[in-house]
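Since the structure comes first, as structure tokens, the remarks are kept for the end.
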Amino acid sequence: MFLRNESFKEFLRFYPIVSGLVALHLVLWFLTDFLQLGFAIGLERWGIGLNALVLNGEYWRLVTPIFLHNGLGHAFFNSFSLILFGPALEQMLGKVKFSMMYLFAGIIGNLGTFLINPDSFQPHLGASGAIFGIFGVYVFMVMNRKDLIDATNSQIIMVIFILGFVMSFRPGINIYAHLFGLIGGFAIAPVVLRNARSFSLWQVRAKYARSYDDHEVRFDPNRWQKRRRFGGVNGKNILWGVIIFLVVLSLFGRFL
């Protein structure tokens, strides 16, 4: 579920919303921080989260910070998290519901930040609130929709969620965006998970095979071999390795 073994072309085709969000993160970083183009810097200033300006009527700043980041490290880490945890949920919910959930959680995260300190001139930006919204949906699954997530993936998501939430209580991190984004994802989960099915990469491949091959599903003779390779002990080791990597990155990454 959280182990990515799609090819690059498959990833772009199967998960267009996650792919588009990651591309947007990196393109905005490239234009703003790397090339430092005037219009891009102006766009960042126009869109960055500033509660005092929201209080003054600039309500778009509850939305635009979701897509902006403070440097490559910040953009990379949030994009990496999105690549790990977003695809399964996009496939389960569909493009429209996933987009609705992501925006809702991100906006709730920024709105919570605003309500806690509406007079603040401290800028804030990043997709962390929306990503914690994804965690909120998974936590709801673990608690209330066990038919959608197995025991192994439940354990993985809860370990990562708890570590990520605990590490949010550090200087320089907008804990309110994380907390309210999580609440937003959990709150909208019953709506977006209605009629959802558990994640299945084989079903995704079969769906696209039907659409590209006159509704005829191609049989992959290596499918079971791939499943043994990535779905067994080695796959679990890779996932726990990712968890350790995230922890180390959170502990020592100054950009988080």
| note | Heads up, segment 1-138 by the C-alpha gyration tensor (a ≥ b ≥ c square roots of eigenvalues; a/c under 1.5 rounded, else a/b over b/c prolate, else oblate) looks oblate
| Extension gain (nm, one decimal) between R13 and I48, 0.36 nm per residue minus Cα-Cα | 9.5 nm
| Cross-link pairs beyond the 20 Å C-alpha cut-off, checked among K9/K207; K9/K97; K146/K207 | K9/K97; K146/K207
| FRET E, pair Q155, R4, Förster distance 22 Å, beta-carbon r, rounded to 0.05 | 0.75
| note | SASA check, M101, accessible area w/ 1.4 Å probe, all protein chains in place, rounded to nearest 10 Å², comes out at 0 Å²
| task | Please calculate the 1.4 Å probe accessible area of W46, with all protein chains present, and give it to the nearest 10 Å². | result | 120 Å²
| message | If I take R0 = 45 Å and measure r between the Cβ atoms of V27 and I162 in this structure, what FRET efficiency does the formula 1/(1 + (r/R0)^6) give, to the nearest 0.05? | response | 0.85
| remark: Length gained if Y59 through A206 is fully extended, taking 0.36 nm per residue and subtracting the Cα-Cα distance, is 48.6 nm
| query | What net charge do the residues around E44 carry, taking every other residue with its C-beta under 13 Å from that of E44, with Lys and Arg at +1 and Asp and Glu at -1? | reply | +1
| remark: Within the under-12-Å Cβ sphere about L53, not counting L53, Lys/Arg +1 and Asp/Glu -1 give a net charge of 0
| query | Quick one: ranking V27, V142 by accessible area, 1.4 Å probe, largest first, what do you get? | reply | V27, V142
| message | Let's test the formula: R0 of 51 Å, r as the Cβ-Cβ distance of V191 and L72. What FRET efficiency results, to the nearest 0.05? | response | 0.90
| field | Ordering of 177-185, 115-123 by burial proxy (mean other Cβ atoms within 10 Å per residue, highest first) | value | 177-185, 115-123
| query | Ordering M100, M158, M141 by how much accessible area each has at a 1.4 Å probe, largest first, what is the list? | reply | M100, M158, M141
| said: So, for segment 53-203, what is the accessible surface per residue at a probe of 1.4 Å, expressed in square angstrom? | reply: 44 Å²
| query | Given labels modelled 7 Å from the Cα in the Cβ direction, how far is it in nm from L115 to D147? | reply | 3.2 nm
| What list of ³J(HN,Hα) couplings, whole Hz, do you get for segment 51-62 from phi and the Karplus terms 6.51, -1.76, 1.60, once you set θ to phi - 60° and write x for glycine and proline? | 4, 4, 6, 4, 4, 8, x, 8, 6, 5, 6, 7
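The values are calculated or read from the model by the stated rules, or taken from the named source; none is laboratory data. As the structure is a prediction and not an experimental result, all values here were calculated from the model. Note that we place each Cβ from the backbone using ideal geometry, even for glycine, and neighbour counts take in every protein chain shown. Note: areas computed on protein heavy atoms with side chains; ligands, DNA, RNA excluded. Shrake-Rupley method; radii C 1.70, N 1.55, O 1.52, S 1.80 Å.
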